[in-house]
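Down below is the structure, laid out as structure tokens.
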Amino acid sequence: MVRSPVGELSVAPERTITGPLTTTTPLGPNSKITATETTTVTTLTDLSIDLSSPPNVVAGESTTVTAVVANTGPSNALGTVVTVTLPPSTTFASVVLPSGWYTSYNQATNTLILTTSNPFTAGTNVTFPIVVKVDPATEPGTVLEFVGDVLSATPETNLLNNTDTTRTAVVGEADLGVVKIGDAEVVAGEQVAYTVTITN
């Protein structure tokens, strides 16, 4: 095993194979009975991220943004980091983490960072359901854009699929109520007062 700053490689970076030749026949002075071949091992991976979200969300309620991160290989990825940037008028509420993953939230930049100390195995994917709260003062018609990125310390064959976006439109919705209260009886010719209470 070879240690790197972000973990362990499952193969040695360089491997030497020596093949001896044996025979019972006498050999001449120019015979070569040993050959050595050295092969350098490198790692390559292809990470991708796919973001999705509902088409609409009501201002003041929560919505779920789903990030699916995949590694199509051929090598394991070391030091994988997923970053999801949330739009204004939203705040991070919660996320369901797969085993071995950790999260931190930067309120100043409104970004969610997901990391793992384990190798991200080739041929696998992980799903992150991210719950965000929408500010109740957000104007209906506002389009919320979420941006996701994935990177690792392992060289990649394709960086074009390392970023994705998804959009959700904000709609307005209210639950209004009205109550009117007044005197049950009134003398003809006098004034009557009513109290009207409106709730949202």
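The figures follow:
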item: Net charge of neighbours whose Cβ lies under 15 Å from the Cβ of T90, counting Lys and Arg as +1 and Asp and Glu as -1; result: -2
item: Total formal charge among the other residues, if their Cβ is under 12 angstrom from that of A67, Lys/Arg +1 and Asp/Glu -1; result: -3
item: Nearest-0.05 FRET efficiency for V58 and L160, computed from C-beta distance (R0 30 Å); result: 0.30
item: Residue-span extension gain [T115 to T197] - 0.36 nm each, minus C-alpha spacing; result: 24.4 nm
item: Neighbour net charge for S52 - beta-carbon separation under 15 angstrom, K R +1, D E -1; result: -2
item: Separation in nanometres of the label points that stand 7 Å from Cα toward Cβ, at Y102 and L44; result: 3.2
item: Theoretical FRET efficiency, 1/(1+(r/R0)^6), r = Cβ-Cβ of E145 and V81, R0 25 Å, to 0.05; result: 0.75
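Throughout, read-outs are computed from the coordinates displayed, never taken from laboratory work. Bear in mind that the values here come from a model prediction, so they are computed numbers and not experimental data. Using ideal geometry, Cβ is built from the backbone for each residue, glycine included, and neighbour counts are taken over all protein chains shown.
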